[in-house]
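Since the structure comes first, as structure tokens, the remarks are kept for the end.
The values are calculated or read from the model by the stated rules, or taken from the named source; none is laboratory data. Quick caveat, the model's predicted, so the values are computed rather than measured. Positions of Cβ are generated from backbone atoms using ideal geometry, with glycine treated the same way; all protein chains shown enter the neighbour counts.
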Amino acid sequence: MKRQPSFGNIVLVIMLVFTISLLQSCIQTPTRGGGSGITSTSSYSNKSSSKATGKRVALVIGNNRYAHILKLDNPVNDATSFHAKLIKLGFDADLKTDLNKSEMESVIRKFGQKASNASVALLYFSGHGLQVDGENILVPVDYTGKSKVEGISANFAQQVMQDTTKGTKVMMLDACRNDPFADAEPIQETSSPSKKARKRKLGKQRGDSGAGLAPITPIDEFFVSYATAAGTTASDGTGKNSPYTAALLQHIEKPIPIEMFFKKVRETVKSTTTPPQVPAEYTSLVGDFCFTDCGISISEPSKVCHLNIGDGIYEGECEGGKANGRGVQRYQDGEYYTGEFRDNLRNGQGTQYLVDGTEISGVWKQGRFIGSN
């Protein structure tokens, strides 16, 4: 007579199978460490390559020596430092300092011509800036404060860039200040007792406390960054560079998309200013853009492939139809990993960038983080 399995034995077997299945699941499908779910390269849906290629041009302007309003200490230092960094990153960048209105108009128009058909066009301005009737004004060194037409409209610079290139356009304004026509204070008597010369107190903050700059509406494929939030003013800084530009210089060589780059800039500026200064961005970008190569440094371009792995998009070295070698994996929520892969899993040295700006850097094995170096 055959012995029938007891109910208890059946339950034990079911629990054992379930436990083994769960363990296998934990091992084979680590959270965002990779995965075996691959589709063909034709399903790769990223709007543009993460690697910054093609013609990349920049115009960098810094104004210190204001003739009719208080001078600033750092804009020329800021512009010089940032220009050198852009040159290092492969930009064809022009540096201009202490420009009057006609000179600023001229160099911006020439920059527009130079940016024709460029894949990336970047305009950086450091100096006094202000908002007048909702319009943002970049202040040249001969500005007196009599009329906003003495300044350069940020809308003018934006339109010049928009008209000349369909590529990625970036505008960085380390100049978020106030309306000089409001509450002007007489600080110096003239020869006529009935008249007073008014000299604006646009000082070490690159402006008094006041309205700051207005929000800007980016047009097609445009990214605009302010040194501080709309409606607030920014600090000139006490060191060689302003807090905003110092943060740009600190993070710009990291292999991350521009959106994550400016999150790090914002975090750094907030932590180094009192009261906290909070940079702001406005964007209409569709594709990815990085100032560096977005983490991919491949000696043999023929090995590059694009794959959908799990819920992320992989770009990098492939072998045997799988991610093998160096590459980058991005996710729709902005999370980002760059480093080494083996058989579609993170394996070797790599860094994961979380959406809150946290970096997890070190050694990975079969999709799992092992520890920092």
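Which one of these is buried (at least 20 other Cβ atoms within 10 Å of the Cβ), among the hydrophobic types (A, V, I, L, M, F, W, C) and part of a strand (DSSP E or B): F111, F125?
Going through F111, F125 in turn, just one is buried (at least 20 other Cβ atoms within 10 Å of the Cβ), among the hydrophobic types (A, V, I, L, M, F, W, C) and part of a strand (DSSP E or B): F125.
Name every residue in segment 74-97 that is among the charged types (D, E, K, R) and crowded, with 16+ Cβ neighbours inside 10 Å, in order of residue number.
If the condition is that a residue be among the charged types (D, E, K, R) and crowded, with 16+ Cβ neighbours inside 10 Å, then D78, K85, D94, K96 are the ones that fit.
How many residues are surrounded by fewer than 24 Cβ atoms within 10 Å (Cβ to Cβ) and within 26 Å of L248 (Cβ to Cβ) if we restrict to segment 132-149?
Going through segment 132-149 one residue at a time, the tally reaches 3.
Condition first: in contact (Cβ under 8 Å) with a residue 40 or more places away in the chain, assigned to a helix (DSSP H, G or I) and not polar (S, T, N, Q). Now tell me which residues in segment 146-165 satisfy that.
Within segment 146-165, E150, A154, F156, A157, V160, M161, D163 qualify.
Just checking, which of G231, G287 is among the small types (G, A, S), more than 21 Å from V355 (Cα to Cα) and modelled with pLDDT under 90?
Only one candidate passes the filter, namely G231.
Inspect segment 84-95 for any residue being on the phi > 0 side of the Ramachandran plot and outside any helix (DSSP H, G or I) and give the result as yes or no.
Yes, the conditions are met somewhere in segment 84-95.
Name the one entry in I69, I61 that is modelled with pLDDT under 95 and either under 15 Å from I152 (Cβ atoms) or touching a Lys or Arg at 6+ places or on another chain (Cβ under 6 Å) (or both).
I69
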